[in-house]
Amino acid sequence: MAAQPKPEGRRTRAEQRATTVKLILDTSEELFAQLGYYGVTIKDVADRMGIHPALIHYYFDGKRALFDAVFERRMEYAVTVRTAGLDAYEAKVGDRPTVEGALRAYYDGAFDVYVNEEDNWRHFGRIFAQVANAPGYGVEMLDAYLDPMVLRLIGLLQKALPDAAPEDLFWSFQFTSGAYSLILSRTGRIDRLSGGLCKSDDFVAVRERFVTFMAGGFNALYKRRKQKSK
């Protein structure tokens, strides 16, 4: 007997589960972004959703598991985007990368979801900044997801500056990474300092300037070391 079509408006259990889990993750993401990991409880998430905390515990084994799920669903996409950017750039330039080109391949695609305000990514940006600046647990999270790509980027930068001191490249990346985390935090400080001339959520302005500015730092350290070695 042929399967009957699903009545309009009826959802399978799998679809209902997926919808519920997404709503839990979306709500948790917003709260974690606002209050940080330690400022949020399972009850806070449940209260915001108007449900009993037991429903969240049914899907997630505690707050740590919930936070991990919030983080992981975004990072998987972020890794995919950055990997694609590096792949395309290497295919284009081969063994002749530039500092700015390599940084643009790594960062430009990452900014796109914030520029386009896609699917609450700006909430995740603040969570990423929290994790990036958290010793221990935060470092472990980034080690698992980003370290292979960071080392790949360092390799491209070493090709662009073949006689650069490796420690200068790693320190320069550290400075760049710190600025990136601050930008994703969207603290609003630059809004106040500039009297409204600049806005911390203006990711278009950020993307237009970020890589060019950071590339200047990489090149300046490289040139300074070259001059000292003469």
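Let me confirm something: among 106, 38, 58, which residue is hydroxyl-bearing (Ser, Thr, Tyr), open to solvent by less than 70 Å² (accessible area, probe 1.4 Å) and either modelled with pLDDT of 95 or more or more than 30 Å from residue 208 (Cβ to Cβ) (or both)? First the steps, then the outcome.
Values: 38 fails: open to solvent by less than 70 Å² (accessible area, probe 1.4 Å); 58 fails: open to solvent by less than 70 Å² (accessible area, probe 1.4 Å).
Exactly one residue qualifies, and that residue is 106.
Show me the helices (runs of 4 or more DSSP H) entirely contained within region 15-103 in which 2 or more residues are more than 18 Å from residue 138 (Cβ to Cβ) and of a type in the set (S, T, N, Q).
Numbers: elements: 42-49, 53-59, 63-93.
Correct list: 63-93.
Could you please find all residues in region 25-35 being open to solvent by 20 Å² or more (accessible area, probe 1.4 Å) and either among the acidic types (Asp, Glu) or modelled with pLDDT of 95 or more (or both)? Even if it seems obvious, please write down each step before you answer.
So in region 25-35, the residues open to solvent by 20 Å² or more (accessible area, probe 1.4 Å) come out as 26, 30, 34-35.
26, 30 - these are the residues of region 25-35 that are open to solvent by 20 Å² or more (accessible area, probe 1.4 Å) and either among the acidic types (Asp, Glu) or modelled with pLDDT of 95 or more (or both).
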Which of the residues that make up region 67-85 are open to solvent by 40 Å² or more (accessible area, probe 1.4 Å) and not hydrophobic (A, V, I, L, M, F, W, C)? 72, 73, 76, 77, 80, 83
Going through region 59-93 in order, the residues found to be farther than 25 Å from residue 37 by Cβ, of a type outside the set (Gly, Ala, Ser) and more than 15 Å from the chain's Cα centre (by Cα) are 86, 87, 89, 90, 92, 93
If you take the residues of region 86-103 that are open to solvent by 20 Å² or more (accessible area, probe 1.4 Å) and in contact (Cβ under 8 Å) with a residue 12 or more places away in the chain, which of them is nearest to residue 129 (Cα to Cα)? 100
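Evaluate region 68-79: report whether one residue or more is of a type in the set (Phe, Trp, Tyr) and at pLDDT 95 or above. Break it down stepwise before answering.
Start the filter on region 68-79 by keeping residues that are of a type in the set (Phe, Trp, Tyr), which leaves 71, 77.
Next, only the ones that are at pLDDT 95 or above stay: none.
Looking for residues that are of a type in the set (Phe, Trp, Tyr) and at pLDDT 95 or above, one finds none in region 68-79, hence no.
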Only one of (1) open to solvent by 70 Å² or more (accessible area, probe 1.4 Å); (2) under 20 Å from residue 74 (Cβ atoms) is not met by residue 20, so which one is it? (1)
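Here is a list: 169, 146. Which entry is among the hydrophobic types (A, V, I, L, M, F, W, C), closer than 23 Å to residue 111 by Cα and modelled with pLDDT under 95?
Values: 169 fails: modelled with pLDDT under 95.
Just a single option satisfies the conditions, and that option is 146.
Within the group 200, 194, which residue is touching an Asp or Glu at 6+ places or on another chain (Cβ under 8 Å) and among the polar types (S, T, N, Q)?
Working: 194 fails: touching an Asp or Glu at 6+ places or on another chain (Cβ under 8 Å).
It is 200.
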Filter region 171-184 down to the residues that are open to solvent by less than 40 Å² (accessible area, probe 1.4 Å) and either in contact with a Cys (Cβ under 9 Å, 6 or more places away or on another chain) or of a type in the set (A, V, I, L, M, F, W, C) (or both) and list them by number. 173, 179, 183, 184
Out of the residues in region 185-204 that are small (Gly, Ala, Ser) and loosely packed, with under 12 Cβ neighbours inside 10 Å, state the one that is farthest from residue 104 (Cα to Cα). 195
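The values are calculated or read from the model by the stated rules, or taken from the named source; none is laboratory data. Model, not experiment: these values are computed from the prediction. FYI the Cβ positions are ideal-geometry reconstructions off the backbone, even for glycines, and counts take in every protein chain you see. Side chains are part of the model used for accessible areas, which takes the heavy atoms of the whole protein and leaves out ligands, DNA and RNA. Shrake-Rupley method; radii C 1.70, N 1.55, O 1.52, S 1.80 Å.
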